[in-house]
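The values are calculated or read from the model by the stated rules, or taken from the named source; none is laboratory data. Everything quoted here is computed from the prediction, not taken from an experiment. No Cβ is skipped: glycine too gets one built from the backbone with ideal geometry, and neighbour counts run over all protein chains shown. Surface areas here come from the heavy atoms of the whole protein model, side chains and all, with no ligands, DNA or RNA. Shrake-Rupley method; radii C 1.70, N 1.55, O 1.52, S 1.80 Å.
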Amino acid sequence: MQFVQLSHKVLKQLKEKGYNILTSNNSVSDDNPVWYPEKVPDVWDYLIGLDVRRISVIKEPNILVIQDALDNICEEDLRGVVLV
């Protein structure tokens, strides 16, 4: 396993392997966040579950939905590295 620069190519490869979200404990303002791929059964149920748990969670992870990033984020706006 290694860290590689986040890109559309990497996102497509992760999606092909069944990953659908990336999580990071870095701040959203971090210039080079570290992302970890995850497979969740249903992305939207997962996100809603985080909202429900917000009261008891001190710090939620930052989440990047892979398909949303492919559809809506320009290559030059992707930041960070991802563990592959």
How many residues, within region 11-20, are out of contact with any helix residue (DSSP H, G or I) (no Cβ under 6 Å at 6 or more places or on another chain) and either without any contact (Cβ under 8 Å) to a residue 60 or more places away in the chain or basic (Lys, Arg) (or both)? 5
With the checklist (1) part of a helix (DSSP H, G or I); (2) modelled with pLDDT under 95; (3) of a type outside the set (Gly, Ala, Ser); (4) open to solvent by less than 100 Å² (accessible area, probe 1.4 Å) in hand, flag the one item Thr23 doesn't pass. (1)
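Considering each of Lys9, Lys59 in turn, give the residue that is at pLDDT 90 or above and among the basic types (Lys, Arg).
When all the criteria are applied, what remains is Lys9.
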Taking region 26-36 as the region of interest, how many residues are within 12 Å of the chain's Cα centre (by Cα) and surrounded by 13 or more Cβ atoms within 10 Å (Cβ to Cβ)? 5
Can you confirm whether region 37-54 contains a residue that is assigned to a loop (DSSP other than H, G, I, E, B), open to solvent by 40 Å² or more (accessible area, probe 1.4 Å) and at pLDDT below 90? yes
